[in-house]
Amino acid sequence: MKSDNKQQLSASGSHSIFSKEYWSQRDMEMYVGKLLRYGVMTACAITLLGGIIYIFQGNGTIPNYKPMPGGHNAFVGVQHYLRDISTIIPRILHFDGAAIIQFGVIVLIATPILRVAFSVFAFLVEKDYLYVGITLLVLLIIFANMFFGLH
Amino acid sequence: MGLDIVNVELFSLILFLGAIFAGMLGALTGLGGGVVVIPLLTLGFGVDMRYAIGAALVTSIATSSGAAAAYIKERITNVRIGMFLEVATTTGAVAGALVAIYLPTNIIAILFSCVLIFSAAMSLRKKNQVIDYAAKGDPMGVRLKLNSSYPTKQGEVSYNVRRVWGGYLLMSLAGIISGILGIGSGALKVLAMDTMMKIPFKVSTTTSNFMVGVTTAASAVLYLQRGYIDPGLAFPIVVGVLIGAFFGSKILMKANVHTLRLIFFVVVSFLAVQMMYNGITGKL
């Protein structure tokens with residue numbers, strides 16, 4: 001079955017996943033809305049759980065957030081394992097509160113990106129190729145910026 | 001200093017309450033997180049500006065997603081307008097970040113704060129005007145499929161977008177400025193859509209929130225890797241802002257637009273004053 005022929009039905013009577021009919025039965029907008037809601041609730045739950053563990057694991061004092069003397073270059077930042085997803089995940093399994101919080105933040109950061117990725121798909125199904133292009137362009141600029149900003 | 005007197009539970013609680021407020025305000029005005037969170041941390045607790053910026057980024061994303069999650073089928077945000085203008089903001093931001101090295105940041109901050117107050121005042125004057133949003137708009141708006149409608153208490157209201165390229169230019173400027181200064185993009189986004197393109201206020205604020213979430217997510221990854229995002233700060237903020245933005249978004253549906261404009265004006269003025277202060281004292 002050709003996936004771009006939305007009129008054609010397969011032998012079992014169902015439409016291709018790229019056809020408007022498949023999605024209008026299921027309402028695209030509702031999917032985005034639910035996706036976002038679950039993403040947000042997940043991020044919230046993870047962060048909250050991590051926060052509670054973090055406070056229990058701490059000794060009641062606040063880490064040193066104050067600016068260091070020595071100005072701009074003296075900034076130390078958070079511990080290195082808390083900066084990258086590959087080092088955060090192993091620590092989650094050890095119930096490290098700080099790592100769990102950071103993971104919640106990563107899930108949070110992913111929600112708008114997933115929302116936009118879903119928009120691309122939605123525009124594709126609507127055959128709005130102008131906006132498939134525009135959205136991909138925006139994603140491209142953002143990822144290029146992210147990538148080159150790291151160096 | 002504030003940090004020496006409180007213990008971690010109290011500090012987290014204060015941040016949490018501040019975050020709820022920030023989220024609510026963000027959902028209502030389309031501004032990101034910096035306005036409340038940065039002064040709370042830097043002036044209130046003496047936290048290093050970089051941690052504060054990391055926290056503000058997290059606030060912006062949480063505001064954007066929290067506000068959007070309030071409705072399963074929210075039909076106010078105009079994704080096409082948002083995506084189209086995002087091209088302008090993102091390219092502007094890249095340009096701004098590149099150029100920032102050569103520019104006197106504090107002077108730009110002072111100029112920007114003047115522009116902000118002026119444009120916010122202009123936006124406020126309109127609260128007594130009755131604008132016919134459905135009047136014929138820019139043909140470019142039709143070509144780019146930007147025109148739409150949104151639900152209100154009085155029923156569905158159509159709107160046609162004006163001055164598309166003017167809006168695009170202004171958005172590029174907004175992007176450049178936020179690339180240089182790091183904050184303030186939400187305010188300019190709302191103003192560009194509301195004042196230049198004559199888009200209904202609630203559509204401008206929700207679409208701004210959508211846009212802010214997208215661009216901020218990109219910077220957030222960078223800042224995470226540079227160690228600017230601290231878990232102890234992130235946790236009360238994420239939870240608080242999500243809650244605040246969720247309920248703020250619910251309130252937005254029923255809110256009176258005149259009241260919203262007034263709140264927007266007050267918050268933007270506060271932002272402008274902060275920026276002027278930071279510019280003059282050389283913190284930026």
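The values are calculated or read from the model by the stated rules, or taken from the named source; none is laboratory data. Note that the structure is a prediction, hence the values are computed from the model and not measured. Cβ sites come from the backbone with ideal geometry, for glycine too, and all protein chains shown count toward neighbours.
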Subset of the stretch A:76-99 that is facing chain B (nearest Cβ under 10 Å) and aliphatic (A, V, I, L, M) - its residue that is farthest from residue B:239 (Cα to Cα): A:76
Test for residue B:219: is it under 26 Å from residue A:40 (Cβ atoms) and at pLDDT below 85: yes
Test: residue in the stretch A:100-117 that is at pLDDT below 85, more than 30 Å from residue B:4 (Cβ to Cβ), more than 8 Å from chain B (Cβ to nearest Cβ) and in a helix (DSSP H, G or I): no
Hey, residue A:65 more than 10 Å from every other protein chain (Cβ to nearest Cβ) and either surrounded by fewer than 19 Cβ atoms within 10 Å (Cβ to Cβ) or over 30 Å from residue B:144 (Cβ atoms) (or both) or not: no
Any hit, the stretch A:33-52, residues being of a type in the set (Phe, Trp, Tyr) and more than 19 Å from residue B:68 (Cβ to Cβ): no
Qualifying residue in the stretch B:107-129 (condition: within 22 Å of residue A:130 (Cα to Cα) and touching a Leu at 6+ places or on another chain (Cβ under 9 Å)): no
Qualifying positions in the stretch A:86-98 - on the phi < 0 side of the Ramachandran plot and surrounded by 13 or more Cβ atoms within 10 Å (Cβ to Cβ): A:87, A:88, A:89, A:91, A:92, A:96, A:97, A:98
Among the candidates B:136, B:127, B:153, B:189, residue that is of a type outside the set (Ser, Thr, Tyr), modelled with pLDDT under 90 and surrounded by 22 or more Cβ atoms within 10 Å (Cβ to Cβ): B:189
Options B:76, B:81: the member that is part of a helix (DSSP H, G or I), within 13 Å of another protein chain (Cβ to nearest Cβ) and touching a Ser or Thr at 6+ places or on another chain (Cβ under 6 Å): B:81
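For (1) more than 14 Å from every other protein chain (Cβ to nearest Cβ); (2) in contact with a Cys (Cβ under 6 Å, 6 or more places away or on another chain); (3) among the hydrophobic types (A, V, I, L, M, F, W, C); (4) in contact (Cβ under 8 Å) with a residue 60 or more places away in the chain, each residue gets a yes or a no:
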position: B:164; (1), (2), (3), (4): no, no, yes, no
position: B:169; (1), (2), (3), (4): yes, no, yes, yes
position: B:173; (1), (2), (3), (4): yes, no, yes, yes
position: B:178; (1), (2), (3), (4): no, no, no, yes
position: B:192; (1), (2), (3), (4): yes, no, yes, yes
position: B:205; (1), (2), (3), (4): yes, no, no, yes
Scope the stretch B:15-40; condition free of Cβ contacts under 8 Å to residues at least 40 places away in the same chain and more than 22 Å from residue B:205 (Cα to Cα); matching residues: B:40
